[in-house]
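What follows is a short report on a single structure.
All of the numbers you see were taken from the coordinates with simple rules; none came from a lab. Being a predicted model, the structure only gives us computed values, none of them experimental. Glycine also receives a Cβ, built like all others from the backbone with ideal geometry; neighbour counts cover every protein chain displayed.
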Amino acid sequence: MSALVVMGSGILLAACAGPNSLQTFAGGSCQAFPRPEYQIKGKTKFDQVWADRVTEAGVAGCHWQRPKARPVSWDATVVIKPTPVAPEVVTVTKPSWLSKLKHMPK
């Protein structure tokens, strides 16, 4: 019985030591996430802190090069031009001479 346990555990442990070993990440932990090519700008403070931590972990632990400066065109403000509104068309009718006579002060 103990020989069976030893053989079973040996087979299971051998799977971790082989060339096709079962790993958490196939290329190591540095392959778990890609290196950012440019600086990352988070929408919220929480997003920015998380992005900074991931980038710094990659620079320190995986020996990445620091990301390049963010292109200025990515942060350009978008100017939305208002859609021109056509003025309301007003038609004016000239009163007739008969209506002018009717409304003449007496």
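Starting from the amide H of Arg70, placed 1.01 Å from N in the peptide plane, find each other amide H under 5 Å away whose residue is 5 or more places distant or on another chain.
Residues meeting the amide H criterion: Gln39.
Show me 68-80, 50-62 ranked by packing, highest mean number of other Cβ atoms within 10 Å first.
50-62, 68-80
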